[in-house]
Every structure is written in structure tokens, then in C-alpha cells.
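Read the structure below first, then the notes.
The values are calculated or read from the model by the stated rules, or taken from the named source; none is laboratory data. If you're wondering where the values come from, they're calculated on a predicted model, not measured in any experiment. Virtual Cβ from ideal backbone geometry, glycine too; neighbours counted across all protein chains shown. Calculation scope for accessible area: heavy atoms of the full protein, side chains included, ligands and nucleic acids excluded. Shrake-Rupley method; radii C 1.70, N 1.55, O 1.52, S 1.80 Å.
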Amino acid sequence: MPKGPRPLIAGNWKMNGLAKPAMREVTALAKHLDKAAGKQAFDLLICPPATLIAPLRAGIAKLGLTRRIRLGGQDCHASASGAHTGDIAAPMLKDAGCAYAIVGHSERRTDHGESDAAVHAKAEAAHAAGLIAIICIGETRAERDAGQTLRILTRQLKGSVPAAATARNTVIAYEPVWAIGTGLTPTAADVAKAHAHIRKRLAARFKDAAGFRILYGGSVKGSNAAELMALANVDGALVGGASLKATDFWPIALAVG
Ligand code: PGA
């Protein structure tokens, strides 16, 4: 990682969080950032549930940290507006204070049957709204056991990443489905192999492939972050469970900073 793009440490809170305790965690993160003043060598992102985006934006602004803690949505609709009850459009995320939107998380792909084509459309919608799309890909256990990992990644990259993607508007998150929330992680060698493959596939399509951030996600925690983040082509982490508490999240950030 050392020579690559500026790392991104992203927390995906999923369907967790109420305003008061959430703000307490952000305030705790702010204290860590204060101590590390001026030395933040990574981008820090929180993707809270949609209900918390506006209050967290206000709280982060009050702490004077708008540039140091970014906010992102966990999903967006492919359309900019319309009759889609319960969905959130990318311009709404932008309007509420987001800089990023996760698209194609495996929980969305599974729970809501999102195809690569749907994820592709969502990534385009995020780009059109001026958001950075974090496009998630990753194989299931069965696909890994069948030796299909790299083939699946190739297919998902081809199907989910729009032609207009650039290193500035797109981040790729490699998240093996079987590693999410399970405490299991691939070996360092397997992560390095997957990330090298992703970089190679990006290079076949995009001139600025070297600048894309490729995050690893799936059971990242303080105890394994340093090893994972030191790998070639690993430019940060997408963190679920361990992003909910500042005491768990900050050591992960320190693994790159
Ligand atoms: P986890 O989730 O860190 O809890 O495994 C990662 C994710 O789903 O982004």
C-alpha cells in the first residue's frame, strides 16, 4: 500500500445507530483526530443509516471536522427522483452532506436481489450527483470453494463498474461474502491475489487504474488491519461491525495512518 493512492478507511454502520449515541462515537473519533492533528494520512468516512446523515453532518461541522470526517450513503436509487417509496436518490445524499455512496454491497445484492446491471446504474446515478461510488464486489463461499473467485470478480467488475469511472469518482471494495460479519478473513496471500487481479482488470479499461482505491472489507478489526493494509494494492478498508465504536474503529485507521 505505501506507494499507492491516499488510503480510505470507511465505516459501514449498516442498520445500526441512533442519533445521540452515534454522535458520542463521532465525538470520540474527533478526539483521536485531534491528537493526530495534521497527520491524517488517510481519508476517513462514515456511512451511517440515512436517518443519521443530516444530524451527523451538523455535529461534525460543529466539531470543525467537515473536511476530516466524510459521510456516505449505504445505497442509492438509480433514478434521481420519482415514485419509489422508501428509496433514496443520489442527489438527496449529496444534499444531506454525503461525499460518497456505497453501491452493490453484498447485503443489498442478496436482500434486494441487486444484479450487476442494477449496481452499474446506481454507480452512474452516484456519479451524476457528484458522489464517489464505492462499488462492492466479492465471491460467496461456494464460489471460492469452486475455485471461481477471480472469475466472479472479473464478471462483477465488468458488469458493475461504469465506463465513465475514474480514480476520482470510484472506489472498489473487495468483500468476500463469507468474510462479512463472520470473523473469518482470507489469507493475506489470497487478499493480495484478489486485489492484484482487480487492479489488472481495471488497468484493462481505465487509464488511471493505478489511482483507484481498492478497499478490502470483511471482518477487518484492529488485530488484523495492519497485516491487511500493508498488502500491495490494498488502499484502505470497508469496515462493518468494528466501525460502530470509535475504540474499535480508530486502531484500524491507525493501521494506515
Ligand atoms: P464486517 O462488515 O466488517 O462486519 O465484516 C464489512 C461490510 O459488510 O462492509
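As a test of the definition: which semi-axes, in Å, follow for the stretch 150-201 when you take the square root of five times each eigenvalue of its alpha carbon gyration tensor? Largest first, please.
On the way: eigenvalues 94, 30, 23 Å².
Working from the Cα gyration tensor, I get semi-axes of 22, 12, 11 Å.
Probe 1.4 Å, all protein chains in place: accessible area of HIS197 in Å², nearest 10?
30
What area, in nm² and to one decimal, does the C-alpha convex hull of the stretch 83-138 cast on average over all directions? Walk me through the intermediate numbers first.
Numbers: hull surface 15.8 nm².
Value for the stretch 83-138: 4.0 nm².
Is it possible to state the helix-based mean residue ellipticity at 222 nm for the chain, with each DSSP H run of 4+ residues giving -39500 (n - 2.57), the sum divided by total residues, to the nearest 500 deg cm²/dmol? What is it?
Details: 10 runs with 105 residues, N = 257.
Helix-only estimate at 222 nm: -12000 deg cm²/dmol.
Please report, for the Cα atoms of the stretch 120-257, the Rg to one decimal and the Dmax as a whole number; what are they, in angstrom?
Values for the stretch 120-257 (Cα only, Rg and Dmax): 14.5, 40 Å.
Can you tell me how much longer the chain between ASP87 and ARG168 gets when fully stretched, taken as 0.36 nm per residue apart minus their C-alpha distance, in nm with one decimal? It would help to have the intermediate numbers written out before the result.
Working: separation 81, 0.36 × 81 = 29.16 nm, distance 2.57 nm.
So the extension gain works out to 26.6 nm.
Mind giving me the nanometre distance, one decimal, between the label points for ASP34 and THR247, set 7 Å out from Cα along Cα→Cβ?
1.9
Which order do MET92, MET229, MET15 take when ranked by solvent-accessible area (1.4 Å probe, heavy atoms of all protein chains), largest first?
On the way: MET92 100, MET229 0, MET15 180 Å².
Largest to smallest exposure gives the sequence MET15, MET92, MET229.
Hey, if you drop one equal point scatterer on each alpha-carbon of the stretch 9-142 and run the Debye formula without solvent, what base-10 log of I(q)/I(0) do you get at q = 0.12, 0.16, 0.17, 0.18 Å⁻¹?
Log10 I(q)/I(0), no solvent term: -0.48, -0.81, -0.90, -0.99.
Tell me the Kirkwood hydrodynamic radius of the stretch 64-112 in angstroms, computed as one over the mean inverse distance between distinct C-alpha pairs.
Details: mean 1/r = 0.0844 Å⁻¹.
Result for the stretch 64-112, one decimal place: 11.9 Å.
Report the residues of the stretch 226-250 in range of a label on ARG24: point 7 Å along Cα→C-beta, backbone N strictly under 13 Å from it.
Within reach of a label on ARG24, which here means backbone N under 13 Å from a point 7 Å along Cα→Cβ, the stretch 226-250 contributes 245-247.
Anything over 22 Å Cα to Cα? Flag those among LYS14/LYS245; LYS14/LYS193; LYS94/LYS245; LYS35/LYS62; LYS62/LYS122; LYS31/LYS221, in the order listed.
Values: LYS14/LYS245 13 Å; LYS14/LYS193 28 Å; LYS94/LYS245 25 Å; LYS35/LYS62 18 Å; LYS62/LYS122 31 Å; LYS31/LYS221 20 Å.
Pairs exceeding the cut-off: LYS14/LYS193; LYS94/LYS245; LYS62/LYS122.
Please list the radius of gyration and Dmax for the chain, considering alpha-carbon atoms only, with Å as the unit.
Rg, Dmax (Cα atoms, Å): 16.9, 51.
When you count, for each residue, the other Cβ atoms within 10 Å and take the mean per peptide, how do 235-247, 157-169, 64-76 rank with the highest first? Kindly include the intermediate steps, with their values, before the conclusion.
Details: 235-247: 22.8, 157-169: 17.1, 64-76: 19.8.
Highest-to-lowest ranking by the protection proxy: 235-247, 64-76, 157-169.
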